[in-house]
Amino acid sequence: MEARLNFFGNPTAGKFLKHINSAGMVAADSALPHATQELVKIRASQINGCGFCTDMHTKEATAAGETSVRLNLVAAWREATVFTDAERAALEVTEQATRIADAAGGVSDEAWANATKYYDEDQLVALIGLIAVINAYNRINVINQQPAGDYKPGMFG
């Protein structure tokens, strides 16, 4: 598989990505736990069929010390016993927000109320922003047919 164009090497795309990356750094630098951030990025990427982002974020999570058991169970988090209640709440919001067209009304009041049990307002803002950013990246990579498998942790800085 080859990408349709060299999106990461294109000057116009570089300007665009600079702004998305800046938004992503707000979430990355927030108090939302790093492990939760990676789980959210992985789950949204799985739902969207973005191999590039799934590859990237599973490798980044592994480099940060995440276990293979947890990574292998992200897609089946509802049945898995290896995630905290807080992580499960974040994954539920992620799924509903990523599948916004499938769920009339978007994120349910129940899912949101559950997330508010575990995260403060700043963390919830970071969660919303993170979900928006990873969905944007997923769409860029899926549209461009960006190949997966060659990512190295820290590759983009």
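The values are calculated or read from the model by the stated rules, or taken from the named source; none is laboratory data. Quantities reported herein were computed from a predicted structural model and do not represent experimental measurements. Using ideal geometry, Cβ is built from the backbone for each residue, glycine included, and neighbour counts are taken over all protein chains shown. These area figures cover heavy atoms from the full protein model, side chains too; ligands, DNA and RNA do not enter into them. Shrake-Rupley method; radii C 1.70, N 1.55, O 1.52, S 1.80 Å.
Data overview
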read-out: Enumeration of residues in segment 117-157 that are over 15 Å from ALA97 (Cβ atoms) and of a type in the set (Val, Ile, Thr); value: ILE140, VAL142, ILE143
read-out: Meets criteria (farther than 16 Å from ARG43 by Cα and either part of a loop (DSSP other than H, G, I, E, B) or polar (S, T, N, Q) (or both)) for ASP150; value: yes
read-out: Count of residues meeting criterion [part of a loop (DSSP other than H, G, I, E, B), over 21 Å from ALA90 (Cα atoms) and aliphatic (A, V, I, L, M)] in segment 1-52; value: 3
read-out: Among the candidates ALA113, ALA80, ALA97, residue that is in contact (Cβ under 8 Å) with a residue 24 or more places away in the chain, over 16 Å from TYR151 (Cβ atoms) and either aliphatic (A, V, I, L, M) or touching a Gly at 6+ places or on another chain (Cβ under 8 Å) (or both); value: ALA97
read-out: Whichever residue in segment 46-58 is over 15 Å from LEU32 (Cβ atoms) and out of contact with any Phe, Trp or Tyr (no Cβ under 8 Å at 6 or more places or on another chain) and, among such residues, is surrounded by the most Cβ atoms within 10 Å (Cβ to Cβ); value: THR54
read-out: Residue ID - farthest from the chain's Cα centre (by Cα), chosen from residues in segment 55-92 that are assigned to a helix (DSSP H, G or I), more than 28 Å from ASP109 (Cα to Cα) and of a type in the set (Val, Ile, Thr); value: VAL69
read-out: Criterion violated by GLY149 - all others in (1) within 16 Å of the chain's Cα centre (by Cα); (2) in contact (Cβ under 8 Å) with a residue 24 or more places away in the chain satisfied; value: (1)
read-out: Condition check for ALA61: open to solvent by less than 30 Å² (accessible area, probe 1.4 Å), touching a Gly at 6+ places or on another chain (Cβ under 7 Å) and closer than 25 Å to MET155 by Cα; value: no
read-out: Qualifying residue in segment 25-36 (condition: modelled with pLDDT of 95 or more and within 10 Å of the chain's Cα centre (by Cα)); value: yes
read-out: ILE131 vs. criteria in a helix (DSSP H, G or I) and either touching a Gly at 6+ places or on another chain (Cβ under 7 Å) or under 16 Å from VAL40 (Cα atoms) (or both); value: yes
read-out: Qualifying residue in segment 37-55 (condition: hydrophobic (A, V, I, L, M, F, W, C), in contact with a helix residue (DSSP H, G or I) (Cβ under 9 Å, 6 or more places away or on another chain), farther than 22 Å from GLN145 by Cα and touching a residue at least 12 places away in the same chain (Cβ under 8 Å)); value: yes
read-out: Residue check, GLU95 at pLDDT 95 or above, in a loop (DSSP other than H, G, I, E, B) and under 21 Å from GLU38 (Cβ atoms); value: no
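Condition check ((1) open to solvent by less than 20 Å² (accessible area, probe 1.4 Å); (2) within 26 Å of SER22 (Cα to Cα)) across all residues:
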position	(1), (2)
VAL74	yes, no
VAL82	no, no
GLU95	yes, yes
ALA101	no, no
GLY106	yes, yes
TYR119	yes, yes
LEU127	yes, yes
LEU130	yes, yes
